[in-house]
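The values are calculated or read from the model by the stated rules, or taken from the named source; none is laboratory data. The structure displayed is predicted, hence computed values, not measured ones. Positions of Cβ are backbone-derived with ideal geometry, glycine not excepted, and every protein chain shown enters the neighbour counts.
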Amino acid sequence: MNKTFEKEEILNELYNLILDRNIRDWERQCLLHTKVQLENQGQLADELAKLEVTLRPLALRYNLTPKVAEFYQKISNSKLFGRGVGGII
């Protein structure tokens, strides 16, 4: 898959999540920070890794809102981070 397409797809998902009324303000701030970093030429893998680390404590306690939990599963289960990170839980 084309990296530009992947980045645009992720940016679109982030944008839709940020506008969602059913997510918490803290989640929205984390997503917005990642979106801004990606728009400012941040590396996709690096920024998603940072977001994954930020969301991980809440994800482990099943305390993310459903749509953010779904997005978290998508980024943590992808092979984006290499062997051992996405599929261990």
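Taking the criterion of being out of contact with any Lys or Arg (no Cβ under 9 Å at 6 or more places or on another chain) and surrounded by 17 or more Cβ atoms within 10 Å (Cβ to Cβ), the residues of segment 31-41 that qualify are L31, K35. Answer yes or no: is there a residue in segment 61-70 that is modelled with pLDDT of 95 or more and in contact with a Ser or Thr (Cβ under 7 Å, 6 or more places away or on another chain). For segment 61-70, residues modelled with pLDDT of 95 or more and in contact with a Ser or Thr (Cβ under 7 Å, 6 or more places away or on another chain): absent. Against the test of being at pLDDT 95 or above, of a type outside the set (D, E, K, R) and either on the phi > 0 side of the Ramachandran plot or within 11 Å of the chain's Cα centre (by Cα) (or both), the options L32, L19 yield a single qualifying residue, L32. Checked against the criteria, L58 counts as surrounded by 15 or more Cβ atoms within 10 Å (Cβ to Cβ), over 20 Å from E6 (Cα atoms) and modelled with pLDDT under 95. For D25, the conditions (1) at pLDDT below 95; (2) surrounded by fewer than 16 Cβ atoms within 10 Å (Cβ to Cβ) all hold with the exception of (1).
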